[in-house]
1. Within the group Val455, Val383, Val439, Val411, which residue is at pLDDT 90 or above, in the same structural domain as Val236 (by TED's automatic domain parsing) and of a type outside the set (D, E, K, R)?
2. Please note which helices (runs of 4 or more DSSP H) are completely contained in the range 223-319 and include at least 2 residues that are on the phi > 0 side of the Ramachandran plot and assigned by TED's automatic domain parsing to the domain that holds Asp120.
3. When you scan the range 236-248, do you find a residue that is touching a helix residue (DSSP H, G or I) at 6+ places or on another chain (Cβ under 7 Å) and within 18 Å of Phe152 (Cα to Cα), even just one?
4. Run down Val261, Val267, Val282, Val294 and say which single residue is out of contact with any strand residue (DSSP E or B) (no Cβ under 7 Å at 6 or more places or on another chain), among the aliphatic types (A, V, I, L, M) and surrounded by fewer than 13 Cβ atoms within 10 Å (Cβ to Cβ).
5. Quick check on my filter: what residues within the range 371-409 are part of a helix (DSSP H, G or I) and of a type in the set (S, T, N, Q)?
6. Is it the case that the range 58-74 has a residue that's under 22 Å from Val137 (Cα atoms), surrounded by fewer than 20 Cβ atoms within 10 Å (Cβ to Cβ) and of a type in the set (D, E, K, R)?
7. Sort through Leu333, Leu350, Leu343 and tell me the only one that's within 25 Å of the chain's Cα centre (by Cα), at pLDDT below 95 and over 28 Å from Leu192 (Cβ atoms).
8. Give the residues of the range 353-389 that are of a type outside the set (A, V, I, L, M, F, W, C) and under 21 Å from the mean Cα position of the chain (by Cα), sorted by residue number.
Amino acid sequence: MLAKGLPIDLSSCQAIGLLGTACLALGGETAGALPVEEFIAPSTDQAALGLVGVYFGVVLLIAAWTLLGRLVRGPEPPTVRSLMLVLVVWAAPLLLAPPLFSRDVYSYLAQGAMVDAHMDVYTQGPDLLGGPLAAEVAPMWQQTGAPYGPVFLAVASGLSGLTRGQIPAGLFGLRLVALLGVALMAAALPRLARHSGADPAAALWLGALNPLVLLHLVAGAHNDAIMLGLLGVGLVAALGRWPVLGAVLVTLAALVKAPAVLGLAAVVVLQIRAGRGPARAVLTTAGAAAVTTVGVTALTGTGYGWIRALKTPVSPQNWALTSLLGRATASVLTKAGSGLAPLAVPAWHLLGIVLTVLAIAFIWLRRPRLSPLYALGLSLAVVVVLGPAIRPWYALWALFLIAAAAPSTSVRHRLAAVTGVVALLALPSGAPAGTGELVLAVSGGVLAVVVLWQVNQAARTPLRESTV
């Protein structure tokens, strides 16, 4: 829409995106995932205006990112360094913004405090901790164990001790950790893209400047950022002369969140393609992973309870494919008077796990010509689609690797379209959407479209007058 009027250049994209993230930060002050004592009821004018402002900003950010993508595909694409600067500029307003689109960051703080207090964070929920931090955790997670590995819990525990339970300081600390993860992602993407024969600028645009990264990894401060950052630099190390270091870093990523463990398969394949024997590659990688896991677990003292706590993210209202099918099946069985209804959701989850294993095996064993990075991205996509739980930011697990190793621009275009849709799916408060909130969100997005159209028309008018 803007391409026919406004001249598209890097500074214009940077300015539009900056305005978008600034609106996100300002709107979040009244409509974000605020601490309990600062909570503003959604029915108030302040919250309504904030929600409109957030979605106004989201649409501006998507527009800026789309225009930037046209520049990247153009005859004179921006350099990797200039794209890095755009990422910094877009992320800057979100640094001090309240948490957006999820309350998970409060769970991180509470779990860190539990580890700091020598509580078993894998068998007990934040309600055992009590106090202000526990009060910030969403009710559905109050009595559930942490599904995160010892690396992240050690970071959260360290922040808890450093900030002494002060919520604003803890939130800021976790956002800095997330920003570190995003920085590692951005640093790794060009190197991974060059190895795969892809355009580094295009990989950076899709994998790091993506609106989902800014909305959920920066604004939401999710620990997926540090998982993907460690995974990325681990794969970079494995591409070079340091496969053992690569295995160690990928294992550390898996000890943040478990899906990163699939990266070890890529480390093995990269070694084999570099000329090492398969047995040596497997043993070296497995040994490095085992030593790292045992050593980190011993140092942190958290134990191995996170393995059995991996089912924690599955909520009753989760909209993962297998969860939706399970609930639909349970509803049909209930109406039919069958006593099997309670087994429907677990059965679909089990089927999803079986299909995931089979699909990943097919990707790695039956498609050996695939780039290891692309195969890893596809494997993580399978985990997201067929897994028992899904959140908007989970899409980044696959998107990060596919951005670096996609075999064609058409793949990137389809992923970009998915990004635009997924970026609109969550409310800034992290709460379920009611009719009123949906109306306000749509209003904010439509307002942004109208403003962009008006600016475009204003830019075209002088051109018309000059030709008369």
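1. Val439
2. Helices (runs of 4 or more DSSP H) meeting the threshold: none at all.
3. Yes, the conditions are met somewhere in the range 236-248.
4. Values: Val261 fails: surrounded by fewer than 13 Cβ atoms within 10 Å (Cβ to Cβ); Val267 fails: surrounded by fewer than 13 Cβ atoms within 10 Å (Cβ to Cβ); Val282 fails: surrounded by fewer than 13 Cβ atoms within 10 Å (Cβ to Cβ).
Every option except Val294 fails the conditions.
5. Once the filter is applied, which keeps residues that are part of a helix (DSSP H, G or I) and of a type in the set (S, T, N, Q), the range 371-409 yields Ser379, Thr409.
6. So far as the range 58-74 goes, no, none of its residues is under 22 Å from Val137 (Cα atoms), surrounded by fewer than 20 Cβ atoms within 10 Å (Cβ to Cβ) and of a type in the set (D, E, K, R).
7. Every option except Leu350 fails the conditions.
8. Within the range 353-389, Thr356, Tyr374, Gly377, Ser379, Gly387, Pro388 qualify.
The values are calculated or read from the model by the stated rules, or taken from the named source; none is laboratory data. This is a predicted model, so every value here is computed, not measured. In this analysis, Cβ positions are derived from the backbone assuming ideal geometry, glycine residues included, and neighbour counts consider all displayed protein chains.
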